[in-house]
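Below is one structure, written out as structure tokens; comments come after it.
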Amino acid sequence: MAKRSYKQNCALALTADLIGERWSMLLIRDLLVGPKRYKELSQSLQGMGTNLLASRLKELEAAGIIERQDSGGGTHSYALTDSGRALEPAILALVRWGLTYLPDRIEGFYHQDDWDLVALKAAFDPQLSAGIAICTRFISGDITAWVDIRDQQLTIGLGERDKSDITINGTVEDLFVKSEDPAALLSSGSKQKLQQFMSSFAL
């Protein structure tokens with residue numbers, strides 16, 4: 001089936017042609033956290049058939065939005081290119097807009113914890129983070145994630161970092177939504193640093 005197009009000489013229409021197909025923006029959301037393998041994307045995007053996933057990846061790669069990276073052992077992962085990374089402000093703006101409509105949880109809907117890293121980045125307020133330099137590690141089961149605030153900028157990722165200032169036994173949702181006592185989730189670091197970290201977000 002030929003790829004659909006609005007066939008309009010308009011930058012917005014062209015953008016919709018490139019990333020407006022179903023699942024495309026969610027693929028970009030997942031890759032904002034970091035490179036992922038095909039199997040990881042398939043797990044995250046439940047309900048998306050494997051043929052459709054392969055097709056969307058091929059389309060985004062042809063558009064120069066994503067690229068393949070060697071993961072070693074004859075395998076590869078998918079990552080955003082510079083062009084794909086340039087979509088981040090637009091994606092985060094849509095997340096911020098959507099947060100006003102998102103209930104706590106929708107019964108029967110799938111949820112993945114690393115999506116909350118993207119939501120946290122969308123809620124980050126550089127002005128509130130002035131003078132703060134903190135790397136926070138989240139450990140939940142066999143998943144480790146990190147959020148780093150430095151120079152009024154925020155970066156996110158999965159896996160270990162060489163150094164973290166505070167460690168949370170739980171997820172982003174556990175810390176900001178579920179816990180009545182966030183300090184109880186601390187396994188390392190001070191309550192003061194935790195308070196500074198949490199105060200950097202417009203939540």
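Brief remarks follow.
- The mean of 1/r over all pairs of different alpha-carbon atoms in the stretch 124-198, once inverted, gives a Kirkwood hydrodynamic radius of 12.4 Å.
- Relative contact order of the stretch 11-90, taken over Cα pairs closer than 8 Å and 6 or more residues apart, is 31 percent.
- The phi-based Karplus calculation (6.51 cos²θ - 1.76 cosθ + 1.60; θ = phi - 60°) puts the 3J(HN,Hα) values of the stretch 194-201 at 4, 5, 4, 4, 5, 6, 8, 10 Hz, whole numbers, x for Gly and Pro.
- Value of [θ]222 nm, deg cm²/dmol, for the chain, DSSP H segments ≥ 4, -39500 (n - 2.57) each, nearest 500: -10000 deg cm²/dmol
- Only aspartates and glutamates eight or more places from Lys191 in sequence, or on another chain, were considered; those with a Cα closer than 19 Å are Asp148, Asp165, Glu173, Asp174, Glu180, Asp181.
- 3J(HN,Hα) from dihedral phi, the stretch 157-171, Karplus parametrisation 6.51/-1.76/1.60, rounded to Hz, x for glycine, proline: x, 10, x, 7, 10, 4, 8, 10, 7, 9, 10, 10, 7, x, 9
- Values of log10 I(q)/I(0) for the stretch 46-95 across q = 0.28 Å⁻¹ run -1.04, by the Debye formula with one identical scatterer at each alpha carbon and no solvent.
- Calculated P(r) of the stretch 77-203 - Cα pairs past 17 Å, %: 60
- A cut-off under 13 angstrom between Cβ atoms defines the neighbours of Leu80, and their net charge, with Lys, Arg +1 and Asp, Glu -1, is -1.
- Normalised by residue number, the volume inside the convex hull of the Cα atoms of the stretch 11-90 is 91 Å³ per residue.
- Relative contact order for the stretch 124-198: 29 percent, from Cα pairs under 8 Å spaced at least 6 residues apart, divided by residue count.
- When Arg96, Arg22, Arg137 are sorted by how many other C-beta atoms sit within 10 angstrom of their C-beta, beginning with the fewest, the order is Arg22, Arg96, Arg137.
Here, each number is a calculation from the coordinates, and none is a lab measurement. Small disclaimer: the values here were computed from a predicted structure and weren't measured. Here Cβ is always computed from backbone atoms with ideal geometry, including for glycine, and neighbour counts include all displayed protein chains.
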